[in-house]
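Report on the following structure.
The values are calculated or read from the model by the stated rules, or taken from the named source; none is laboratory data. Values in this document were obtained by computation on a predicted structure and should not be read as measured data. No Cβ is skipped: glycine too gets one built from the backbone with ideal geometry, and neighbour counts run over all protein chains shown.
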């Protein structure tokens, strides 16, 4: 058995067989909690902590660490997809009930002949939602066109994809295409090991999973991690060189600056998820 470095408060975590095996709910916890193992990190943002969770978008591409400094947030991670050539989005982002980023305005993206026949799937890729449900904040992970639950409205959302858990939808969201046993398209190296950023939900707590190049994973392997955590839902954010996280730290965990490999591989980004008190 590998040795794991666990930073969850003692009262909140019981490690049995694996550091990421069905972490129990932490009733009453109000601090961000971190669990790590050889370059793989899991952050839990407890619902009872009263955190403010919303997207951040930039007109020009910027580093995650710069958004972290600007917003003075507790935690910032990379989020949606974008085209580094024209610096325009390829993912929907909603902020304060208004469409902040619209991939349909990205001419290069919409006129790409390779993906045009599959645009319906692409525009309906999975998104992370922050909702107001009868005055209470609720989170969800759903297809872009999916209806909200009764008495809920979307306040903020960030699209990326694919859905990882409970179903891995690589082909349904046009990330992977196969012909027989041959893989003819793998647009985000979904089937290969690389750095990843993912977000999941369990009992309305948010889980952020960061895999660096010290512990690269494929999306099927990321599915297994989400299963071991017993998450309700999980989805993929932009990964590879985009994988970035900055955490201010708290009484239990020191400050962290994480990129896929090191600062030399840090990539300027378009959209972010910002978490603050």
For this session: Select, from 203, 232, 228, 224, the only residue that is surrounded by fewer than 19 Cβ atoms within 10 Å (Cβ to Cβ) and modelled with pLDDT under 95.
Result: 203
For this session: Count, please, the residues in the range 262-273 that happen to be in contact with a helix residue (DSSP H, G or I) (Cβ under 8 Å, 6 or more places away or on another chain) and surrounded by 22 or more Cβ atoms within 10 Å (Cβ to Cβ).
Result: 2
Seminar exercise, completed: Residue hits (the range 178-200; without any contact (Cβ under 8 Å) to a residue 60 or more places away in the chain, crowded, with 21+ Cβ neighbours inside 10 Å and not in a loop (DSSP other than H, G, I, E, B)) are 196, 198, 200
Exercise. Is there a residue being buried (at least 17 other Cβ atoms within 10 Å of the Cβ) and either part of a helix (DSSP H, G or I) or free of Cβ contacts under 8 Å to residues at least 60 places away in the same chain (or both) anywhere in the range 244-261?
Worked result: no
Exercise. What residue, among those in the range 206-221 that are within 19 Å of residue 257 (Cβ to Cβ) and under 12 Å from the mean Cα position of the chain (by Cα), is surrounded by the fewest Cβ atoms within 10 Å (Cβ to Cβ)?
Worked result: 208
For this session: Select from the range 51-89 the residues that are touching a residue at least 40 places away in the same chain (Cβ under 8 Å) and touching a helix residue (DSSP H, G or I) at 6+ places or on another chain (Cβ under 6 Å) and list them in ascending order.
Result: 56, 76, 78, 89
Problem set entry | Of the criteria (1) within 28 Å of residue 248 (Cβ to Cβ); (2) in contact (Cβ under 8 Å) with a residue 40 or more places away in the chain, which one residue 121 fails | (1)
